[in-house]
1. In this structure, is residue 154 surrounded by fewer than 20 Cβ atoms within 10 Å (Cβ to Cβ) and more than 29 Å from the chain's Cα centre (by Cα)?
2. Can you tell me how many residues within the stretch 56-101 are in contact (Cβ under 8 Å) with a residue 60 or more places away in the chain, within 21 Å of residue 133 (Cβ to Cβ) and in contact with a helix residue (DSSP H, G or I) (Cβ under 9 Å, 6 or more places away or on another chain)?
3. Look through the stretch 508-520, keep the residues that are closer than 18 Å to residue 482 by Cα and in a helix (DSSP H, G or I), and return whichever of them is nearest to the chain's Cα centre (by Cα).
4. What are the residues in the stretch 44-83 that are over 28 Å from the mean Cα position of the chain (by Cα) and over 26 Å from residue 266 (Cβ atoms), if any?
5. Please verify whether residue 268 is free of Cβ contacts under 8 Å to residues at least 12 places away in the same chain and either buried (at least 20 other Cβ atoms within 10 Å of the Cβ) or at positive phi (or both), treating the condition exactly as stated.
6. Only one of 355, 380 is in contact with a helix residue (DSSP H, G or I) (Cβ under 6 Å, 6 or more places away or on another chain) and not assigned by TED's automatic domain parsing to the domain that holds residue 507; which?
7. Would you pick out the residues in the stretch 1-35 that are under 21 Å from residue 105 (Cα atoms) and either surrounded by fewer than 21 Cβ atoms within 10 Å (Cβ to Cβ) or touching a strand residue (DSSP E or B) at 6+ places or on another chain (Cβ under 9 Å) (or both)?
8. Restricting to the stretch 461-481, count the residues that are part of a strand (DSSP E or B) and either outside the structural domain of residue 550 (by TED's automatic domain parsing) or surrounded by fewer than 20 Cβ atoms within 10 Å (Cβ to Cβ) (or both).
């Protein structure tokens, strides 16, 4: 990997702007052009692979994906569909979803992948109805309609076409994808594809919608292709041999759908769609796949690595499969705990005889997503690196924090049908306000990177007036109390001391308590509470200040609820929503007692 350093501009008001000194390289006009180019150069190379119903790999080549996309494109043209209304996709990652996605983009129809959780995990489908009603797609695609029956029945389908990948469980009005794929594309498809330019909107990606309507982030082709060019400049090995991915991350999210899928496409690689998930009972599928597939890059959220580690440590075949051809490990979404980092490093050394770089970046749905990149061994686990080629990072004093803002070709032009939010998202110099805070790893040498310093809006004050940096403290608390806590939110606004509402890790607690105990029994078990006290006591000794010392924890047994916006489908906790919905528990944490409350002296 290449390390370019930074150019630094310091202003009198305390603002600092970091720029990558390396200019951005030539950028393809669109994802559509990339698919067509790779299909012309190597039509028989595997692009996307997925398990079929019998467990064998279905392999779709670049030529096959392009042929399917062209047929879908012609079907959309024949139906009069255009750029004024998106095509919504409700299903999980699949070859069929990719064909629908690239087909829509070929003729300028924006693709709006919707989290399957809105259909499958929700009980009231309120958020799904809000999304469909506001964004008004003209076509909805569902790969396997049977599990989506209730969700589809809850949607107002007037003026919309429903396309399905399978007939079983489909409404009578549904159209089969197979019929669309039988459509013969004409010259109008090629003409439409040639008209797709850098400013054409390729996708509308939805934010988590933690408060009300999920924002529809406009993703132009310039955003997505520029991002991939900048990443390849830092990681030139991507262009030296086609990358191989094994990846589960959902395409309705910018990490999976832009960062990962587009990286494979940009560099002519192969993506194996992983049916595993970072959940007990699902992670085993990922381990089984690693016995067959040896990725050149492996990307995951910290929770995924944490769950994989004990299985990899007990399975040499899967361990060797992961590390044999690996160039880098990449994590995002949260900081990677030091113990997880060290265990991954030990496995890499055992297989390769040397460490594998472990990297991360900072970005969001609005940045396509990587705005920074960290490609060295940092001093702090929260280091998110420096700006990628073509991009700028502005750090602006905001209270006792430095607020991060971003500018460059990767930034969204705005939000779909929400011009008021678009205006608020940018400052007077057109820097995007991401809402995160950062601090320098080394004040005297900004090239050592920026350390994530929590969300600006999550911070609060104790009764003493001392600021609590909730985001960073949450990560420290989870790491210190391992394996008891799966996730947590920080409490203490207008209180004397800091506390936690903690979601217990059932597997972690059972490893301490033994037996097949209920969540309530685990929360009250002496071994669990002792480990929690000991871990947080060590944390408190190292962080004795009132804003960093954790005095009380309430171990919750009810999982975070997606319908209440407490958690996204990607597993990210919404601190504000949890504190609002569980305000009675916050009160009890500070005024009551019980077997589920642990006090650290």
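The values are calculated or read from the model by the stated rules, or taken from the named source; none is laboratory data. Since the model is a prediction, treat every value here as computed from it, not as a measurement. Backbone-built Cβ (ideal geometry, glycine too); neighbour counts: all protein chains shown.
1. In short, no.
2. 4
3. Restricting to residues being closer than 18 Å to residue 482 by Cα and in a helix (DSSP H, G or I), the top hit is 508.
4. Those that are over 28 Å from the mean Cα position of the chain (by Cα) and over 26 Å from residue 266 (Cβ atoms): 54, 75, 77, 78, 79, 80, 81, 82.
5. no
6. Among 355, 380, only 355 is in contact with a helix residue (DSSP H, G or I) (Cβ under 6 Å, 6 or more places away or on another chain) and not assigned by TED's automatic domain parsing to the domain that holds residue 507.
7. Once the filter is applied, which keeps residues that are under 21 Å from residue 105 (Cα atoms) and either surrounded by fewer than 21 Cβ atoms within 10 Å (Cβ to Cβ) or touching a strand residue (DSSP E or B) at 6+ places or on another chain (Cβ under 9 Å) (or both), the stretch 1-35 yields 27, 28, 29, 30, 31, 32, 33, 35.
8. Within the stretch 461-481, residues that are part of a strand (DSSP E or B) and either outside the structural domain of residue 550 (by TED's automatic domain parsing) or surrounded by fewer than 20 Cβ atoms within 10 Å (Cβ to Cβ) (or both) number 2.
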